[in-house]
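S.K.: So that we are looking at the same thing, I have put the structure below in structure tokens.
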Amino acid sequence: MEDSEEIDAHIATTTKLDIDEPGSSVDQKMYRGIIVSLLYLITSRHDIVFSVVLSARVQANPKESHLTAIKRILRYLKCTTDLCLWYPKGFLVGRKSTSAMAHFLGSCIVSWATKKQTFLALSTAKAEYVAVASCCAQLLWIKQ
């Protein structure tokens, strides 16, 4: 990839990567390794989130066409090294998730809140479960 041509656009939002796409399979371990690296990178490069998540969906059985899409993302990153989000020192003070909720009655908002969760979730799913539980508790309080 070092000698590859740089491009100024990654996967289009209209692109569809099919799991059952015809073609020869590629090394699954290598493909997953690239996906993991790109998933780490999306914290500072939000412009590639759609492309990376789309490519991650097919990692169980990657084909040549899927690898070509990943290489396109890498070529785009090579061209746009100056684009990224910088977080100032001390910005990410804690590792706890922040929950946000909004409650509507019809089309009118009746309550909204943000709250730092009281414990460190070990997974995104667990953090979302805690957020939903907090939201339901708020709804029950409003109902009473």
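The values are calculated or read from the model by the stated rules, or taken from the named source; none is laboratory data. Just so you know, these numbers come straight off a predicted model, no measurement behind them. Positions of Cβ are backbone-derived with ideal geometry, glycine not excepted, and every protein chain shown enters the neighbour counts. Side chains are part of the model used for accessible areas, which takes the heavy atoms of the whole protein and leaves out ligands, DNA and RNA. Shrake-Rupley method; radii C 1.70, N 1.55, O 1.52, S 1.80 Å.
S.K.: Determine whether segment 26-34 contains at least one residue that is open to solvent by less than 90 Å² (accessible area, probe 1.4 Å) and at pLDDT below 80.
M.R.: No, segment 26-34 contains no residue that is open to solvent by less than 90 Å² (accessible area, probe 1.4 Å) and at pLDDT below 80.
S.K.: Take T81 and tell me if it is under 17 Å from the mean Cα position of the chain (by Cα), not aromatic (F, W, Y) and not in a helix (DSSP H, G or I).
M.R.: Working: under 17 Å from the mean Cα position of the chain (by Cα): no; not aromatic (F, W, Y): yes; not in a helix (DSSP H, G or I): yes.
Considered against the rule, which asks whether it is under 17 Å from the mean Cα position of the chain (by Cα), not aromatic (F, W, Y) and not in a helix (DSSP H, G or I), T81 comes out as no.
S.K.: What are the residues in segment 31-53 that are under 10 Å from the mean Cα position of the chain (by Cα), part of a helix (DSSP H, G or I) and not hydroxyl-bearing (S, T, Y), if any?
M.R.: L38, L39, L41, H46, I48, V49, F50, V52, V53
S.K.: Exactly one of (1) modelled with pLDDT of 80 or more; (2) over 25 Å from T124 (Cβ atoms); (3) in a loop (DSSP other than H, G, I, E, B) is unmet by A60. Its number?
M.R.: A60 satisfies all of (1) modelled with pLDDT of 80 or more; (2) over 25 Å from T124 (Cβ atoms); (3) in a loop (DSSP other than H, G, I, E, B) except (2).
S.K.: Conditions first: (1) surrounded by fewer than 14 Cβ atoms within 10 Å (Cβ to Cβ); (2) closer than 30 Å to K143 by Cα; (3) without any contact (Cβ under 8 Å) to a residue 12 or more places away in the chain; (4) not hydrophobic (A, V, I, L, M, F, W, C). S123 passes all but one, so which condition is the exception?
M.R.: Against the list (1) surrounded by fewer than 14 Cβ atoms within 10 Å (Cβ to Cβ); (2) closer than 30 Å to K143 by Cα; (3) without any contact (Cβ under 8 Å) to a residue 12 or more places away in the chain; (4) not hydrophobic (A, V, I, L, M, F, W, C), S123 comes up short only on (2).
S.K.: Inside segment 89-107, can you point out the residues that are within 30 Å of S44 (Cα to Cα) and either modelled with pLDDT of 75 or more or open to solvent by less than 100 Å² (accessible area, probe 1.4 Å) (or both)?
M.R.: So the first thing to find is which residues in segment 89-107 are within 30 Å of S44 (Cα to Cα), and the list is 89-102.
Result: G90, G94, K96, S97, T98, S99, A100, M101, A102.
S.K.: Further question: Could you count how many residues in segment 109-120 are loosely packed, with under 11 Cβ neighbours inside 10 Å and basic (K, R)?
M.R.: 1
S.K.: Here's a follow-up. Look at segment 133-144 and say how many of its residues are surrounded by 10 or more Cβ atoms within 10 Å (Cβ to Cβ) and either hydroxyl-bearing (S, T, Y) or in a loop (DSSP other than H, G, I, E, B) (or both).
M.R.: Here the count works out to 1.
S.K.: May I ask you to verify whether T81 is at pLDDT below 80, open to solvent by 40 Å² or more (accessible area, probe 1.4 Å) and of a type outside the set (G, A, S)?
M.R.: Taking the combined requirement at face value, the residue satisfies it.
S.K.: While we're on this one: So which residues in segment 63-76 are surrounded by 15 or more Cβ atoms within 10 Å (Cβ to Cβ) and assigned to a helix (DSSP H, G or I), if there are any at all?
M.R.: Our first condition is that a residue be surrounded by 15 or more Cβ atoms within 10 Å (Cβ to Cβ); within segment 63-76, this holds for 63, 65-67, 69-70, 72-76.
Within segment 63-76, S65, H66, L67, A69, I70, R72, I73, L74, R75, Y76 qualify.
S.K.: Let me ask you something else. With respect to D18, determine if the residue is acidic (D, E), surrounded by 11 or more Cβ atoms within 10 Å (Cβ to Cβ) and modelled with pLDDT under 80.
M.R.: Yes.
S.K.: Test of understanding: among V130, V110, which residue is in a helix (DSSP H, G or I) and more than 23 Å from S44 (Cα to Cα)?
M.R.: V130
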